[in-house]
1. Mind checking which strands (runs of 3 or more DSSP E) fall wholly inside the stretch 79-144 and carry at least 2 residues that are open to solvent by 40 Å² or more (accessible area, probe 1.4 Å)?
2. Here are PHE88, PHE115: which of them is among the hydrophobic types (A, V, I, L, M, F, W, C), touching a helix residue (DSSP H, G or I) at 6+ places or on another chain (Cβ under 6 Å) and touching a residue at least 24 places away in the same chain (Cβ under 8 Å)?
3. Taking PHE25 and the conditions (1) within 30 Å of GLU147 (Cβ to Cβ); (2) not in a strand (DSSP E or B), which numbered condition does it fall short on, given that it satisfies the others?
4. Exactly one of (1) open to solvent by 20 Å² or more (accessible area, probe 1.4 Å); (2) more than 22 Å from ILE131 (Cα to Cα); (3) touching a residue at least 24 places away in the same chain (Cβ under 8 Å); (4) not β-branched (Val, Ile, Thr) is unmet by GLU20. Its number?
5. When you scan the stretch 35-44, do you find a residue that is open to solvent by less than 60 Å² (accessible area, probe 1.4 Å) and aliphatic (A, V, I, L, M), even just one?
6. From GLU162, GLU143, which residue is modelled with pLDDT of 95 or more, of a type in the set (Asp, Glu) and within 21 Å of ALA182 (Cβ to Cβ)?
7. When you scan the stretch 23-56, how many residues do you find that are in contact (Cβ under 8 Å) with a residue 40 or more places away in the chain and of a type in the set (S, T, N, Q)?
8. I'm told THR126 meets every condition in (1) in contact with a strand residue (DSSP E or B) (Cβ under 9 Å, 6 or more places away or on another chain); (2) free of Cβ contacts under 8 Å to residues at least 40 places away in the same chain; (3) among the hydroxyl-bearing types (Ser, Thr, Tyr) except one. Can you identify the failing condition by its number?
Amino acid sequence: MKDKHLHISLGDWVNKLISEGEIAFSLKQVKKEFTSQSDIAIRSSLSRLSVKGEIVSIHKGYYLIVPPQYANRGILPPSMFLDGFMKFLKRPYYLGLVNAASFYGAAHQQPQEFFVFTDFPKLRPTHKKGIKVNYLSVQKIPEKLLESRKTESGYLKISSPELTAADVVQYEKRIGGLSRAATILNDLVEEI
């Protein structure tokens, strides 16, 4: 079978993905699309796109496309890519703690790091271009206590106000202590 993209570069393919509303792709997808290219050629093309700032790898084999409006940052906001990334990993998840509280107007400061709850095995934190995503592993994701919120690129699962309140108390050290947890709980009361 002939390579579908004999006369198209990887960069052009990435631009085509952006024009179709895609914000990420996997190495597996690239290998499927560019079957006649060697692994070395593919990795070299990916490296060139990364150096140019057009893509960024946030996990082995998973790349974010950096559209022009995010070129200065060099990465997309986590709220845009978390859902697709967790689907890529085939893991349940939800955005929690201060990040979820901000959706309910209960966090007065923009969170500096993102807290994502997922199942085991543990994931290492993601540190890329000034963005920090911490993964907290739990035995079971309480699907009934999650809400879907629309984002610029799709949907994002966040904890309900009740689950957010419980998590804020349980993980108070992660968010800056008991006084910060109390402030968030006070602001969440109306939502609960």
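The values are calculated or read from the model by the stated rules, or taken from the named source; none is laboratory data. For clarity, every value in this text was computed on a predicted model and none was experimentally measured. FYI the Cβ positions are ideal-geometry reconstructions off the backbone, even for glycines, and counts take in every protein chain you see. What goes into the accessible areas is simple: the full protein's heavy atoms, side chains included, and nothing from ligands, DNA or RNA. Shrake-Rupley method; radii C 1.70, N 1.55, O 1.52, S 1.80 Å.
1. On the way: elements: 93-95, 113-118, 126-128, 131-137.
Strands (runs of 3 or more DSSP E) meeting the threshold: 126-128.
2. Working: PHE88 fails: touching a helix residue (DSSP H, G or I) at 6+ places or on another chain (Cβ under 6 Å).
Result of the check over PHE88, PHE115: PHE115.
3. (2)
4. For GLU20, the failing item is (3).
5. Yes: one or more hits.
6. Values: GLU143 fails: within 21 Å of ALA182 (Cβ to Cβ).
Going through GLU162, GLU143 in turn, just one is modelled with pLDDT of 95 or more, of a type in the set (Asp, Glu) and within 21 Å of ALA182 (Cβ to Cβ): GLU162.
7. 1
8. Failing condition for THR126: (2).
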